[in-house]
1. What is the residue count in the stretch 173-199 for residues that are within 30 Å of Arg75 (Cα to Cα) and open to solvent by 20 Å² or more (accessible area, probe 1.4 Å)?
2. Can you go through Val56, Val5, Val11 and tell me which one is surrounded by fewer than 20 Cβ atoms within 10 Å (Cβ to Cβ) and modelled with pLDDT of 95 or more?
3. Counting residues that are open to solvent by less than 10 Å² (accessible area, probe 1.4 Å) and either touching a helix residue (DSSP H, G or I) at 6+ places or on another chain (Cβ under 6 Å) or under 22 Å from Tyr200 (Cβ atoms) (or both), which strands (runs of 3 or more DSSP E) fully inside the stretch 305-409 reach at least 1?
4. Restricting attention to the stretch 256-283, which residues are out of contact with any helix residue (DSSP H, G or I) (no Cβ under 8 Å at 6 or more places or on another chain) and either part of a strand (DSSP E or B) or open to solvent by less than 80 Å² (accessible area, probe 1.4 Å) (or both)?
5. Filter the stretch 76-92 for residues that are within 16 Å of the chain's Cα centre (by Cα) and part of a loop (DSSP other than H, G, I, E, B); which is surrounded by the fewest Cβ atoms within 10 Å (Cβ to Cβ)?
6. Kindly indicate the residue of the stretch 410-419 that is in a helix (DSSP H, G or I) and of a type outside the set (S, T, N, Q) and also nearest to Gln23 (Cα to Cα) among those meeting that condition.
7. If we keep just the residues of the stretch 1-37 that are in contact (Cβ under 8 Å) with a residue 40 or more places away in the chain and assigned to a helix (DSSP H, G or I), which is nearest to Gly133 (Cα to Cα)?
Amino acid sequence: MREPVFRSSCVERFLRYVTYDTQSDENSSSYPSTEKQLVLLRRLAQELRELGLEDVELDRYGYLMATVPPTTSKRNVPVIGFLAHVDTSPEISGAGVRPIVHRDYQGQPLVLPDDPTQVLRPEDDPALAGQIGRDIITASGTTLLGADDKAGVAEIMGAVEYLLAHPEIPHGPIRVAFTPDEEVGRGVAHFDIEKFGARYAYTLDGGGVGELETETFAADAMTIVFQGFNTHPGYAKGKLVNAIKLAAQFLERLPKRTLSPETTEGYEGYVHPYVVEGGVDRTSVKFLIRDFDAAKLQEKEALLESLAREIAGAHPPARVAVEVQQTYRNMREILEAHPEVVACAEEAIRGAGLEVRRRPIRGGTDGAKLSFMGLPTPNLFAGEHNFHSRLEWTSTWEMHKAVEVVVRLCQVWEARAPS
């Protein structure tokens, strides 16, 4: 694979951005869910203005938008958008991130110094084994790195910087947006599609070079609440029904060899209990329900509800309450009706000397929701690896290639537009 053509300061920007703690909070009712996300968003707004953009706007919801003016004389070039989210996962601390650049990687295990039990080994990570001779960036072992999605943020900033410095590159109007709260499923809850004004868009929130993601899981959130009966334990015989034990029986009866994240891959869906809360009187279990076929979500939800009611029914007067919330749907349903948005991305990736790698996302992106809101938005690679982990890493080579693909993508849309 050839070296990147379009160099920018994306790596230097990334090393700065990851030092901002922008962890989101799914238990918060505010928007953004954490005030600290706004600290980085304000910094990004300042940097966009310093680059020369005049319409930079950070709204009350934490959406930062700006426009790169067109350089082409063509009038029919569609407005194209690029988006990335600033927040990091609530699962692992993002406070005090200390990025480390491992120069000229030669295939050795990378021991992260602040916790030597955290070791990146190429035999465990084929993508890392493919980075010989390149610079690798990790955190120090006690936090995640934040490449998800500050790599995407830095790459969009790098592409904006490069395009503004090279007005000889023909392109149409380009809109960029940085958003909060993607990691807690609310990233575009208040996003104004009309104000953004793009006809098509791309999120930069994917994995290794060449990846182009056009289908995601369909996703629901499900909460099952067991209502027991509490009384003084000294006089509880024949009366007490312990909701904790009901929940434990329920979890123990979940399928052991199927339907879980640890036993599925590819196009296989799953049910994933991720939070258990409560006490003797009342205990809730929260689930992530995932499948590429939305109809199969209902099958999985019916299975869980039936099992829960069977267990509660065997322990009167116990009761069960079930709540299901739609999270997002498979963006393939929308993107299949807009083949041009995918074709242009494939052309840009090949133009950068890369093989197009199409794969389903065993997760979701803001692009899934944006697509159903009327803005077709596939996902481009950003060089994210081992995301939501203390072993998270990225490659400076992959980051520069992502910038190159964005720049080429702007050119592709301009070239395809009629004169």
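1. 8
2. Just one listed residue meets the conditions, Val56.
3. 379-381, 393-395
4. Thr258, Ser260, Pro261, Thr263, Thr264, Gly266, Tyr274, Val275, Glu277
5. Selected residue: Glu91.
6. Applying the filter and picking the extreme gives Cys410.
7. The qualifying residue nearest to Gly133 (Cα to Cα) is Val11.
Residue-wise test of (1) over 18 Å from Val188 (Cα atoms); (2) small (Gly, Ala, Ser); (3) in contact with a strand residue (DSSP E or B) (Cβ under 8 Å, 6 or more places away or on another chain).
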| site | (1), (2), (3) |
| --- | --- |
| Tyr20 | yes, no, no |
| Pro32 | no, no, no |
| Leu40 | no, no, no |
| Val56 | yes, no, yes |
| Arg60 | no, no, no |
| Leu64 | no, no, yes |
| Ala84 | no, yes, yes |
| Pro90 | no, no, yes |
| Leu112 | yes, no, yes |
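The values are calculated or read from the model by the stated rules, or taken from the named source; none is laboratory data. All values reported here derive from a predicted model rather than from experimental measurement. In this analysis, Cβ positions are derived from the backbone assuming ideal geometry, glycine residues included, and neighbour counts consider all displayed protein chains. Just so you know, the surface numbers come from the protein's heavy atoms only, side chains and all, with ligands and any DNA or RNA stripped out. Shrake-Rupley method; radii C 1.70, N 1.55, O 1.52, S 1.80 Å.
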